[in-house]
Amino acid sequence: MGPGSALRLSGTTIEHAYAAAPILPLANSVSYGRTNKPDPSGHPETFMPDPAWSLHSRLKEDTIDIGDLPLSKVLVIKDAHYPWLLLVPRRPDAVEIIDLDEVQQAQLMTEISRVSRALKEITKCDKLNVAALGNLVPQLHVHIIARRTSDAAWPRPVWGVMPPLAHDAAEVQNFISALRRKIWLG
């Protein structure tokens, strides 16, 4: 499709609003929208988050922190029924994915893909559920849940089906260690 072309879906014409938009060059360094100054190290993965950001209290209570990717904090939900991770972009006031700028959105998708691949490889699950809901916790966070056709909630969503089950300490540490290696956290 070229500039000025239209896409037809179910009898509706959608104009390509971006077709005539100029293509802007990207800066040499990535700042994730926080500053116009380049990262002095030249490595965007070492960029420090805004000091005003903090993890929502409910997420702190319900998770185990396993480390930070360039944009997101990686957490394990305290429920042994399902291998269940959260990615929380370290950006203050982010509630929806659209609250991130385009570079941050692309970084979030990269992190979702990296973590999803690792989770699938580690758990050998039947299906991955990936969702950003935020109905109870307004801070932007993305759920990545490894599902099995034999799990207690299958095929329904996992929320509210079973009360959380505490992790076995050794099992969860083995899971976290494997996950950290797969997603390059240590």
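Structure values in brief
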| quantity | calculated |
| --- | --- |
| The stretch 46-153: GluC sites (Glu not before Pro) in DSSP loop, at most 11 other beta carbons within 10 Å | Glu96 |
| The stretch 118-186, Rg to Rh (Cα coordinates; Rh as Kirkwood inverse mean 1/r) | 0.97 |
| Kirkwood-based shape ratio for the stretch 55-144, expressed as Rg/Rh from alpha carbons | 0.94 |
| Lysines with Cα under 17 Å of Lys78, excluding same-chain neighbours fewer than 8 positions away | Lys60 |
| Interchain or long-range residues, amide H under 5 Å from Lys73's placed H | Val88, Arg90 |
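A short reminder: the numbers here are calculations on the coordinates, not readings from a lab. Keep in mind that this is a model prediction, so the values were computed, not measured. Glycine also receives a Cβ, built like all others from the backbone with ideal geometry; neighbour counts cover every protein chain displayed.
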